[in-house]
C-alpha cells in the first residue's frame with residue numbers, strides 16, 4: 001500500500017468517525033402533529049422537494065440556520081425542512097405506546113418485586129423459625145449450665161470442707177507423730193534405764209550369792225572347829 005492509499009484509508013476512517021460523532025450529537029426531533037411538511041435539497045423554497053414528511057415522523061437535526069433545519073431521516077436520507085414544524089415532543093401515539101411499554105415494564109417489575117418479596121418473606125419466616133429453635137436450644141443449654149454451675153459450686157464447697165478436714169487430719173497426724181516420737185524417746189530412755197537397773201540387780205544378786213557362800217563357808221569353818229573341840233573333849 002502506497003502513501004496515497006494509506007492517506008485515503010486514514011481520511012475515510014476520520015470521516016466516518018466524525019460522521020458517527022455528528023450522528024451521536026444530532027438532536028432527535030419529530031414532525032409536529034397535524035402537519036405534513038416537505039423536505040427540500042437546500043435551505044429555501046426554491047430547492048427541489050425530495051420527500052414529504054407526515055406528522056410524527058422522527059428526524060435527526062444536523063444543523064440549523066435561520067428558519068430552516070438540516071435533518072436526517074431514519075433511512076439516512078438528508079434534507080432541509082422548516083424548523084417551526086419540528087418539535088422535541090414525540091407524537092401522542094408514540095407517547096401512548098411508550099407509556100404502554102413503560103407500564104408493561106413496571107408491571108413485570110412489580111410482579112418480579114412481588115415474587116421477590118414473597119420469597120424474602122418466606123426466607124424471613126424460615127429464619128425466624130430457625131432463630132426461635134436456636135433460642136430455645138440456647139435457653140435449654142443455659143439452664144443446663146446453671147444446674148451444672150450449682151452442682152460445681154456444691155462440689156467446691158464440699159471440697160473446701162474436705163480440704164479443711166484433711167488439713168485438720170494432717171495437723172492431728174503431725175501432732176500424733178510428734179507425740180509418738182516423744183514416747184519413743186522416753187521408751188529409749190526407759191529402756192536404757194531398765195538395762196542399767198537390770199545390770200545393778202544382777203550385781204546385787206551376785207553379791208548376795210557371794211555373801212551367802214561366804215557366810216556358809218564361815219559357818220562351815222565354825223562348825224568344823226566346834227566338832228574338833230567336841231572330839232578333843234571326848
### Summary
Taking 0.36 nm per residue of separation between residue 103 and residue 116 and subtracting their Cα-Cα distance, the length gained on full extension comes to 2.8 nm
### Query
Could you state the principal axis extents of the C-alpha atoms in region 63-192, from the largest down, to the nearest angstrom?
151, 35, 22
### Message
Along its three principal axes, how long is region 79-142 when you only count alpha carbons? Whole Å, largest extent first please.
### Response
86, 17, 15
#### Entry: Estimated distance in nm for a label pair at residue 195 and residue 41, the labels positioned 7 Å out from Cα along Cα-to-Cβ
15.9
### Query
So how much slack lies between residue 171 and residue 207, counting 0.36 nm per residue of separation and subtracting their Cα-Cα distance, in nm?
7.6 nm
## Note on the structure
Given all pairs of distinct Cα atoms, region 31-77 yields a Kirkwood Rh in Å of 11.1
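Every read-out reported here was derived from the displayed coordinates using simple, explicitly stated rules and does not represent laboratory data. Note that the structure is a prediction, hence the values are computed from the model and not measured. All Cβ positions, glycine included, derive from the backbone under ideal geometry; neighbour counts span all protein chains shown.
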